[in-house]
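Comments concern the structure below.
The values are calculated or read from the model by the stated rules, or taken from the named source; none is laboratory data. Just so it is clear, the structure is predicted and the values come from calculations on it, not from any experiment. Don't worry about glycine lacking a Cβ; one is built from the backbone with ideal geometry, like all the others, and counts go over all protein chains shown. For accessibility, only protein heavy atoms count, side chains too; no ligands or nucleic acids. Shrake-Rupley method; radii C 1.70, N 1.55, O 1.52, S 1.80 Å.
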Amino acid sequence: MENIQSIMNSPALWIVSGAMVLVILIQAAWFFKAALKEAKRLEIPSTDIKNGMRSAMITAVGPSLALVIVLISIITIVGAPTTWMRLNDIGAGRTEISVITLACELIGVTPNGEGFGVDAFSISLWAMALNNFGWLLVALLFTGKMSSVVVKLNSKYDPKWVKTLMNGTTFGIFGYLFINSIWKKTINPYFIVAAAISAVSMVLINKFFAKNKRMQELSIGLALLIGMFATTGIQYLIGQ
């Protein structure tokens, strides 16, 4: 186990993982530059761009905090360099743990347990990579073609119907993610409490700050944070 720990946290893995993170940063900068160029072409006011960026950054705080606990869990299994790279690359911490567990079960070992050696670590790395390969391949092949598909749909069908279809798809995706988060094999009531508090917070913020544009921008992020911290407080009080 000591040998595998030295491998998982070796300078070589830090360098390789750092190279991947560097690629991600370059991509982010490239997309950001392209987005600003497109916004300029569409003549979107700079104030709207700044407001959108601020809203997006605040909204990202809640989901980012949720990754902290998962981050610690994955570090104990595959080491800090791989965890740093994977959560920057994909960000789906719970999925990564599930994939690692599944891969280790196939060879009869427990993640970070007895028998977790070089082979198990190598298989875990391959499992995490292959688990996301399909998503990345589909995005690579079809993302650039989506705009032309929408244009064809609008020319063939009623654009209002197409827009309704797109909105319905978005609601369906987020609805699935929502239900999948609170409804598992065993129902955790605290997940439901957090969802309910966040939903109520969102409604109240939109109602009482309907004329406050800044609060409207921050409403999603604030609702997430309120739900998280309030549920944690309730859980602590009940636990006492």
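For a Förster distance of 25 Å, can you work out the FRET efficiency between the beta-carbons of Ala29 and Ala80, rounded to the nearest 0.05? Intermediate values should be presented prior to the final figure.
Numbers: r = 25 Å, r/R0 = 0.98.
It comes out at approximately 0.50.
Please tell me which of these pairs span more than 28 angstrom C-alpha to C-alpha: Lys33/Lys156; Lys156/Lys211; Lys37/Lys145; Lys40/Lys156?
Lys33/Lys156; Lys156/Lys211; Lys40/Lys156
Subtracting the Cα-Cα distance of Leu36 and Ala139 from their residue separation scaled by 0.36 nm leaves 34.9 nm.
How large is the charge dipole for the chain, taken about the Cα centre, if only the Cβ atoms of Lys, Arg (+1) and Asp, Glu (-1) carry charge, to the nearest 20 debye? Can you show the working numbers first?
Working: 19 positive and 11 negative charges, 283 e Å.
Roughly 1360 debye for the chain.
What residue among Ser148, Leu130, Gly117 has its Cα farthest toward the positive end of the dipole of segment 73-213, where the charges are +1 on Lys, Arg and -1 on Asp, Glu, each on the Cβ? About the Cα centre, the residue reaching furthest to the positive side is Ser148.
Once Rg and the Kirkwood radius are both taken over the C-alpha atoms of segment 107-240, their ratio Rg/Rh works out to 1.11.
Any idea of the accessible area per residue across the chain, 1.4 Å probe, to the nearest Å²? Intermediate results must be reported in sequence, preceding the final value.
Working: 16680 Å² over 240 residues.
With the other protein chains kept in place, the chain gives 69 Å² per residue.
Result for the chain in a Gaussian network model with C-alpha springs under 10 Å: among Ala223, Ala34, Ala194, the largest mean-square fluctuation is at Ala34. Computed over protein heavy atoms with a 1.4 Å probe, the carbon and sulfur contribution to the accessible area of segment 70-132 reaches 62%. Adding -39500 (n - 2.57) for every DSSP H run of four residues or longer, then dividing by how many residues the chain holds, sets the calculated 222 nm ellipticity at -29000 deg cm²/dmol.
Dimensions of the chain from C-alpha coordinates, computed as largest minus smallest value along each principal axis and given longest first, are 59, 51, 33 Å. With the charge dipole of the chain set up from +1 on Lys and Arg Cβ and -1 on Asp and Glu Cβ about the Cα centre, the Cα lying farthest toward the positive end among the listed residues Asn88, Ser73, Phe32 is that of Phe32.
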